[in-house]
Structure formats: C-alpha cells, structure tokens
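Inspection log for the structure reproduced underneath, given as structure tokens.
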Amino acid sequence: FKRDGRCLSCAAFLFVLERTGDRPPTPPPAEAMAASAKRKQEEKHLQLLREMSSLPPNRKCFDCDQRGPTYTDMTVGSFVCTSCSGILRGLNPPHRVKSISMTTFTQQEIEFLQKHGNEVCKQIWLGLFDDRSSAIPDFRDPQKVKEFLQEKYEKK
C-alpha cells in the first residue's frame, strides 16, 4: 500500500522523525571538510613559523636587534619587531610585512622564509656593512632606526 508515492512504512518512519526532531546523521558538507583541512594547514604553517622564529638568528629583529620579533618582512624574508615593521611599510618602495600570529601564510611564503631568515638576509643586506664605522642603531631611537633602514634598503 502506497501513500503520496511512498510506502506506508517509509511515511510512518518519516512521520516519527519529524515528530521527535531526530534526524539521521548527515555527512559534513564539502565546505566544512575543506575549512577543516585549511585550518589544519594554517596551524601547521603557524607551528613552522614559531619554530623558525625560535632559531638563534631569528630571535632578534633583523633591523634593530630588539628581542622577540613578531612580524616577517616578506620583501626580504626576515623576522622583524613591531617598530621596524611600521618603518618598513613607510619605505619607498614599501616592504610587505605580515604579523606572525595574526595572519595566515601560504605554503610559498613559508618556503620563502625557510630559504631566507635573518642569517641569509644578513649576508645579502649587510654583507658590505662595516659595523666598526657605523653601528646598528639602538631600537629605542626610532629616528635613527628609520635613517638606518633607509640607508640599508633605499640607498643600497
């Protein structure tokens, strides 16, 4: 015996489900699964960034030697502090700076930072720097740091 094109037992089953509010388990939508995979990838990238920033050369800001950099300079591949990140954005051309903890990084950006970091950047950007004739400025003097960064990146 059929009712509304369905057998009565199916109709009765659906009636019970509707009355009790129970729903059969549904598989998660593809979007939820993709979001979960994306979240896992972002967590993996953050872990890699934290490991890179804990390496001895990366524990200090590349531009002023302040301890505990919280940003990356994606233009050159270095780890920098908050103060220098602001100065770098104001240089000509502006550097692309990203927060380590507040931004997501692509796989390509992670690989770029792994290939560079402060040690490689030091060889590139400070290779001819004579610290006897001019020292890296004290990070507590923003004007001197700005002048140093302009000399380092704009006038090199």
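Since every read-out is calculated from the coordinates, none of them should be taken as a lab result. Just so we're clear, the structure is a prediction, and the values are computed from it rather than from any experiment. Virtual Cβ from ideal backbone geometry, glycine too; neighbours counted across all protein chains shown.
Here are some notes:
- Computed lengthening from Ala32 to Asp141, 0.36 nm per intervening residue step minus Cα-Cα distance: 34.4 nm
- Each residue in Asp141, Asp63 was given a count of other beta-carbon atoms within 10 angstrom of its own, and listing them fewest first yields Asp141, Asp63.
- Working from Cα pairs under 8 Å separated by at least six residues, relative contact order for segment 30-155 is 25 percent.
- Order of Tyr71, Tyr153 - criterion: other Cβ atoms within 10 Å of each residue's Cβ, fewest first: Tyr153, Tyr71
- For segment 32-130, trypsin sites (Lys or Arg not before Pro) are listed when DSSP marks them as loop and at most 14 other Cβ atoms sit within 10 Å of their Cβ; the list is Arg59, Arg96.
- Order of Glu147, Glu31 - criterion: other Cβ atoms within 10 Å of each residue's Cβ, fewest first: Glu31, Glu147
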